[in-house]
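The values are calculated or read from the model by the stated rules, or taken from the named source; none is laboratory data. What you see is a predicted model; the values in this text were computed from it and never measured. Cβ coordinates were reconstructed from backbone atoms using ideal geometry, including for glycine residues, and neighbour counts include every protein chain displayed.
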Amino acid sequence: MALQFRLRPLEPRDLDHLWTMNWDPLPRQISTFYLLCAIGHPRFCSVAVDGNGRIVAVLLTTVDEAGQWLYVNHLIVDESCRGGGVGTALMNNLESQCRAAGLRRIWLLTGVDVEPFYAVMGYRRDDSFMPPAARELMAARRPDALILSKVL
Ligand SMILES: CC(C)(COP(=O)(O)OP(=O)(O)OC[C@H]1O[C@@H](n2cnc3c(N)ncnc32)[C@H](O)[C@@H]1OP(=O)(O)O)[C@@H](O)C(=O)NCCC(=O)NCCS
């Protein structure tokens, strides 16, 4: 049976549940940091909930103050719900919100193994988001990581 879910904006009360989710492959310290940021700036952050109201996925973002671009801090779908279209639905919803707000580009950092998921949606490798020093640091610490972007 197809997975039933709906999308809605992130709400402060969701954080109680989000702390308990498995955030792999993101280190716990970083997910905690992103969650704290999301409390203060929940715009463009969203969750997917199943028929029982249980959160099955979350999308956390950071938006450029000048309104030019948005960065996806993390997209995570509960392991039991992967392959059901939830991740794609969250990204499509985000793109619609960005277009409506006049944002021109979405950036994200992901692993080589997940690149095909984003490639289907039109995301392409683009290193220009990071200054050279940050790129070098990332290459040393996370050689499998890629910066992808999509112009809206
Ligand atoms: C990557 C992730 C968000 C995808 O969410 P999802 O709800 O499972 O994805 P969807 O069901 O919408 O998949 C859409 C398509 O992408 C493909 N896809 C999904 N995850 C993929 C992955 N990890 N690698 C390659 N392709 C993938 C699916 O097979 C599907 O293709 P199809 O339509 O031809 O069957 C989810 O697997 C996840 O949470 N992974 C762990 C966290 C992570 O790596 N997040 C991304 C880093 S920012």
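Being within 13 Å of the ligand (Cβ to nearest atom), more than 24 Å from residue 5 (Cα to Cα) and not in a helix (DSSP H, G or I) is a condition met by no residue of the stretch 79-97.
Yes or no: residue 29 outside any strand (DSSP E or B) and in contact (Cβ under 8 Å) with a residue 12 or more places away in the chain? Spelling it out, it is not the case that residue 29 is outside any strand (DSSP E or B) and in contact (Cβ under 8 Å) with a residue 12 or more places away in the chain.
Could you list, in sequence order, the residues of the stretch 88-124 that are over 16 Å from the mean Cα position of the chain (by Cα) and among the basic types (Lys, Arg)? Answer for the stretch 88-124, where residues must be over 16 Å from the mean Cα position of the chain (by Cα) and among the basic types (Lys, Arg): 99, 104.
Of the residues making up the stretch 98-114, those that are surrounded by 16 or more Cβ atoms within 10 Å (Cβ to Cβ) and assigned to a helix (DSSP H, G or I) number 2. Counting the residues of the stretch 50-68 that are more than 10 Å from the ligand (Cβ to nearest atom), under 16 Å from the mean Cα position of the chain (by Cα) and in contact (Cβ under 8 Å) with a residue 40 or more places away in the chain gives 2. Going by what's in this entry, would residue 117 be described as in a loop (DSSP other than H, G, I, E, B), touching a helix residue (DSSP H, G or I) at 6+ places or on another chain (Cβ under 7 Å) and surrounded by 14 or more Cβ atoms within 10 Å (Cβ to Cβ)? So residue 117 fails the test. Residue check: is residue 128 of a type in the set (Ser, Thr, Tyr), over 25 Å from residue 2 (Cβ atoms) and in a helix (DSSP H, G or I)? Taking the combined requirement at face value, the residue satisfies it.
For the stretch 14-35, filtered to residues that are within 13 Å of the ligand (Cβ to nearest atom) and hydrophobic (A, V, I, L, M, F, W, C), the residue that is surrounded by the fewest Cβ atoms within 10 Å (Cβ to Cβ) is 30.
Every test in (1) of a type outside the set (Ser, Thr, Tyr); (2) within 25 Å of residue 123 (Cα to Cα); (3) not in a helix (DSSP H, G or I) is passed by residue 35 save one, and that test is (3).
Scanning the stretch 98-152 for residues that are within 12 Å of the ligand (Cβ to nearest atom), modelled with pLDDT of 95 or more and farther than 21 Å from residue 60 by Cβ gives 116, 119, 120.
Within the stretch 112-131, residues that are within 10 Å of residue 147 (Cβ to Cβ) reach no partner that is assigned to a loop (DSSP other than H, G, I, E, B) and β-branched (Val, Ile, Thr) with beta carbons closer than 9 Å at six or more positions or on different chains. Condition check for residue 67 on (1) more than 20 Å from residue 13 (Cβ to Cβ); (2) assigned to a strand (DSSP E or B): one failure, at (2). Of the residues making up the stretch 71-116, those that are in contact with a Ser or Thr (Cβ under 9 Å, 6 or more places away or on another chain) and aliphatic (A, V, I, L, M) number 7.
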